[in-house]
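Heads up, the thing below is written out as structure tokens.
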Amino acid sequence: MYSSFAVANAFIGRSLAGKLHGLNSMKLQKLMYFTQAWHLKVKGTPVIDDTFTRGDHGPVLPSIHHQVKAYDTRNITQTIRILDGDDDREVWRVPCIQPDDQSTCDLIDAIIGRYGNLSGLALSDLTHAPNSAWSQGRADGQAILNDTIRSDPTI
């Protein structure tokens with residue numbers, strides 16, 4: 001299982017390498033949601049160690065929202081860095097998926113292959129389908145439990 005930042009950086013890295021186009025904040029959120037859903041459905045476990053919530057435009061990871069919200073509808077141009085260290089030193093690092101984790105890398109690439117050509121708005125529409133995990137509650141920041149995502153019939 002990975003941090004939301006590591007999975008986000010996998011998509012951002014592919015975008016920066018020209019393998020994913022139009023990666024803005026909304027598109028990133030939805031690609032990450034589908035990544036979590038696919039992993040839950042196929043492997044039975046989450047790949048992201050964070051909780052999606054119900055936002056107005058579909059599932060959202062608040063931790064990622066705060067990192068990329070400044071991009072709004074513009075393409076994300078930098079990976080996410082986090083501050084590590086202690087009182088004596090600070091170290092900035094870029095969380096990433098382990099390069100030898102072929103299964104997770106393949107999952108990211110499969111998500112891009114299936115959903116990468118869609119816009120953030122089109123992906124948002126998919127998450128709003130009747131009976132989707134997102135539609136089973138109010139868009140007021142409620143958590144979307146992994147069991148709810150796993151049983152989503154629209155994915």
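The residue that is nearest to residue 155 (Cα to Cα), counting only those in region 6-31 that are out of contact with any Cys (no Cβ under 8 Å at 6 or more places or on another chain), part of a helix (DSSP H, G or I) and among the hydrophobic types (A, V, I, L, M, F, W, C), is 31. Does residue 19 qualify as being surrounded by fewer than 18 Cβ atoms within 10 Å (Cβ to Cβ), closer than 15 Å to residue 115 by Cβ, over 12 Å from the mean Cα position of the chain (by Cα) and not β-branched (Val, Ile, Thr)? Yes: the conditions hold for residue 19.
Being among the aliphatic types (A, V, I, L, M) and within 21 Å of residue 24 (Cβ to Cβ) is true for just one of 155, 76. Which residue is that?
Working: 155 fails: within 21 Å of residue 24 (Cβ to Cβ).
Only one candidate passes the filter, namely 76.
Looking at region 22-50 only, could you name the residues that are under 22 Å from residue 72 (Cβ atoms) and either more than 12 Å from the chain's Cα centre (by Cα) or acidic (Asp, Glu) (or both)? Correct list: 22, 50.
Here, each number is a calculation from the coordinates, and none is a lab measurement. Since the structure is predicted, the reported quantities are computational estimates derived from the model, not experimental observations. Backbone-built Cβ (ideal geometry, glycine too); neighbour counts: all protein chains shown.
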